[in-house]
2 protein chains.
Amino acid sequence: MKEEKDRIHDLAIVGCGPAGLSAAINARARNLDFVLLGSEFCSPKLYKAQKVNNYLGYYDISGDELRNKFLDHIKASGLKVENSKVDGIYTGDGYYSLMAGFESFNTYSIILATGINYTDLVKGEEELVGRGISYCATCDAGLFKGKKVAAISYTRESIEEVEFLVDMVKEVVFIPSFQIDKTIDIPATQIIKGKPVEFKKDGEQINIKLNNQQLYVDGVFIFREVIPPDKLVPGIELTGPHIEVNKDMETNLEGIFAAGDCTGTPYQLGRAVGQGQIAALNAASYLSKKKSEKVKEEEKIKV
Amino acid sequence: MKEEKDRIHDLAIVGCGPAGLSAAINARARNLDFVLLGSEFCSPKLYKAQKVNNYLGYYDISGDELRNKFLDHIKASGLKVENSKVDGIYTGDGYYSLMAGFESFNTYSIILATGINYTDLVKGEEELVGRGISYCATCDAGLFKGKKVAAISYTRESIEEVEFLVDMVKEVVFIPSFQIDKTIDIPATQIIKGKPVEFKKDGEQINIKLNNQQLYVDGVFIFREVIPPDKLVPGIELTGPHIEVNKDMETNLEGIFAAGDCTGTPYQLGRAVGQGQIAALNAASYLSKKKSEKVKEEEKIKV
């Protein structure tokens, strides 16, 4: 951890679906120093596909088998997926810092391959982000010391973040969208079953309307599979829910590339693999250009 | 042949490299009526690759093995590659006509996946196309009846076209860039070994400078692996040697899409596969939109 803190990588790849994995094998081919950050389970969407027939080279294969072929490729390339869900990306002094739970990574370039949420945002959510609603316990739990918050979880992997919240604030109301395993012991003050339908500001508090009841809290933490890109990276240009990219997979932010479903439709495997490759090769070009500029700059200073 | 003449397909895919093959399996998935037109040997470039490591799902595989996996996929999908090298595409009445040697195909939409020439054009070539230089014997041999032409071949597959020229014109000087097999009997008037370095107009004739001699002819036929896209499709927009496409792989011409190396760098397998998929899915959307417009139009006429 200490070592990681002081290190600046060439590249961070955020997401381990087909776009992220394709970016990784291509970044490897270009000998970049990079981290591949993903969730515990790469590409749940691919895993669930019963049969895949339209990825050239494999036919009549289950999504799970194909996913395993992809992960075998990663392993055989000497790579590994760091189980780190990035929840915030910030600009440092000439580099980017990625916050991932309790860890952080520094890097000169980034490929966003985060996929896309297939569920809609809740009514009122968009307006209240940063005004009581947060997607990142590590970043914002400190703001709610001594207060009551709701933790709305769309993913089992967020349980660790809920536990962190419990340590930091006075009361946590846990609202999971999934069945809770009886063996999991969540130390939340209260567990509510219900589907959030609306958030409203009410004085200093937030009023959460569920399909079956309502409650008032001081803050709301929402844990989804995918954080909306503009919440993850402030200032990134979107078209609708999609990250705007050019043909080189560059976003509007220098050194930040994007690939796969997060860049638009059609949401397809081959497209994601192709874009991951383009993003990695262009990130490599970007980095080598930056390095040669830096050398020139240093030579100027010497003269 | 007669049947084919009167038929209008949904789609023609021109080229059977990775982009064309990926377009084909995706067009199949969308149940389009299409032809897949390629050369006898799909993707010589892939075939020659010693090892491929950066196409997600396969590693440490030879280009030839991977090419066979791709062709197996095509066969397993019930598809076949028509051995037809398209040498001209023309606009008909609401559809396109593709000339391929002695055959022709009609279609409402096209995906160009022709790859790119890795050899440069000869000096003077560009300016003289249509003014004495042609890429298509079937199209233009008739213009040189009773005259002397040169047939410059960069591909063995063009020998058939040279034979056709011999039947049509008075004299054929054959200038192949490859070793001629002694068992092949070319009935050309003359066979010259030499590398073309420049073409110049000289009155009604063309002066061909080779690296070792020069000659005068009335016309020049050049047979390459890949016909430059703007020579293949008059009016198509290029940037340098590449077909200009948007994110949906649309060109500037309605119903014509492009994918793979012909659209730009990096010249890579995964990119080609992804773009082939995008082109096919967008061609499917284009066709279904056209069909529903046509239905509306017909309903209007009825009213």
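What to note about this one:
- For the range A:62-74, the condition holds for no residue, the condition being that it is over 20 Å from A:G115 (Cα atoms) and of a type in the set (V, I, T).
- All of A:K85, A:K170, A:K148 fail the test of being in contact with an Asp or Glu (Cβ under 8 Å, 6 or more places away or on another chain) and at pLDDT 90 or above, apart from A:K148.
Per-residue answers, yes or no, for (1) without any contact (Cβ under 8 Å) to a residue 60 or more places away in the chain; (2) more than 18 Å from A:L269 (Cα to Cα):
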| site | (1), (2) |
| --- | --- |
| B:S22 | no, no |
| B:D33 | yes, yes |
| B:S39 | no, yes |
| B:C42 | yes, yes |
| B:Y47 | yes, yes |
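- Residue in the range A:280-299 that is modelled with pLDDT under 95, part of a loop (DSSP other than H, G, I, E, B), closer than 24 Å to A:N106 by Cβ and in contact with a strand residue (DSSP E or B) (Cβ under 9 Å, 6 or more places away or on another chain) present: no
Let's see how each residue does on (1) in contact with a Gly (Cβ under 7 Å, 6 or more places away or on another chain); (2) of a type in the set (G, A, S); (3) surrounded by 17 or more Cβ atoms within 10 Å (Cβ to Cβ):
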position	(1), (2), (3)
B:S153	no, yes, yes
B:L165	no, no, yes
B:K170	yes, no, no
B:V173	no, no, yes
B:D181	no, no, no
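- Helices (runs of 4 or more DSSP H) wholly inside the range B:38-143 containing at least 1 residues that are farther than 28 Å from A:V273 by Cβ: B:125-128, B:137-140
- Of all residues in the range B:15-32 being in contact with a Ser or Thr (Cβ under 6 Å, 6 or more places away or on another chain) and under 19 Å from B:L232 (Cβ atoms), the one that is nearest to the other protein chains (Cβ to nearest Cβ): B:G17
- Residues of the range A:220-262 that turn out to be on the phi < 0 side of the Ramachandran plot and either assigned to a loop (DSSP other than H, G, I, E, B) or out of contact with any Leu (no Cβ under 8 Å at 6 or more places or on another chain) (or both), as a count: 28
- A:F199 being surrounded by 13 or more Cβ atoms within 10 Å (Cβ to Cβ), among the aromatic types (F, W, Y), closer than 26 Å to A:G101 by Cα and assigned by TED's automatic domain parsing to the domain that holds A:S153: yes
- Within the range B:254-273, if we keep just the residues that are without any contact (Cβ under 8 Å) to a residue 40 or more places away in the chain and of a type outside the set (S, T, N, Q), the residue that is farthest from B:N106 (Cα to Cα) turns out to be B:P266.
- Residue in the range A:158-168 that is among the aliphatic types (A, V, I, L, M) and in contact with a Lys or Arg (Cβ under 7 Å, 6 or more places away or on another chain) present: yes
- For B:F199: the one exception among (1) at pLDDT below 90; (2) in contact with a helix residue (DSSP H, G or I) (Cβ under 6 Å, 6 or more places away or on another chain): (1)
- Of all residues in the range B:162-191, exactly one satisfies the criterion of being without any contact (Cβ under 8 Å) to a residue 40 or more places away in the chain and in contact with a Leu (Cβ under 7 Å, 6 or more places away or on another chain), namely B:V172.
- On inspection, B:K231 qualifies as surrounded by 16 or more Cβ atoms within 10 Å (Cβ to Cβ) and not assigned by TED's automatic domain parsing to the domain that holds B:G132.
- Residue count, the range A:54-64 (criterion: surrounded by fewer than 18 Cβ atoms within 10 Å (Cβ to Cβ) and more than 10 Å from chain B (Cβ to nearest Cβ)): 2
- Condition check for B:T251 on (1) touching a residue at least 24 places away in the same chain (Cβ under 8 Å); (2) of a type in the set (S, T, N, Q); (3) within 13 Å of chain A (Cβ to nearest Cβ): one failure, at (3).
- Considered as a group, the residues in the range A:267-298 that are β-branched (V, I, T) and within 14 Å of chain B (Cβ to nearest Cβ) include one that is farthest from B:Y58 (Cα to Cα), and that residue is A:I278.
- The lone exception for A:N207 - which of (1) among the polar types (S, T, N, Q); (2) under 28 Å from A:S158 (Cβ atoms); (3) buried (at least 17 other Cβ atoms within 10 Å of the Cβ) it fails: (3)
- Count of the range A:106-127 residues, restricted to those that are surrounded by fewer than 14 Cβ atoms within 10 Å (Cβ to Cβ) and under 28 Å from A:E250 (Cβ atoms), is 2.
- Within the range B:33-53, restricting attention to residues that are within 14 Å of chain A (Cβ to nearest Cβ) and under 19 Å from the mean Cα position of the chain (by Cα), the residue that is modelled with the lowest pLDDT is B:S43.
- Residues (out of contact with any strand residue (DSSP E or B) (no Cβ under 9 Å at 6 or more places or on another chain) and buried (at least 24 other Cβ atoms within 10 Å of the Cβ)) located in the range B:251-275: B:R271, B:A272, B:G274
- Residue in the range B:185-192 that is within 19 Å of B:V129 (Cβ to Cβ) and outside any strand (DSSP E or B) present: no
- Set B:I227, B:I243, B:I236: member being over 27 Å from B:S62 (Cβ atoms), touching an Asp or Glu at 6+ places or on another chain (Cβ under 8 Å) and within 13 Å of chain A (Cβ to nearest Cβ): B:I243
- Subset of the range A:254-266 [more than 10 Å from chain B (Cβ to nearest Cβ) and hydrophobic (A, V, I, L, M, F, W, C)]: A:I256, A:F257, A:A258, A:C262
- Sole residue being touching a residue at least 40 places away in the same chain (Cβ under 8 Å) and under 28 Å from B:V245 (Cα atoms), chosen from A:L238, A:L287, A:L215: A:L287
- Any hit, the range A:4-20, residues being more than 30 Å from A:K291 (Cβ to Cβ) and outside any helix (DSSP H, G or I): no
The values are calculated or read from the model by the stated rules, or taken from the named source; none is laboratory data. This one's a predicted model, so the numbers in the text were calculated from it and none came from an experiment. FYI the Cβ positions are ideal-geometry reconstructions off the backbone, even for glycines, and counts take in every protein chain you see.
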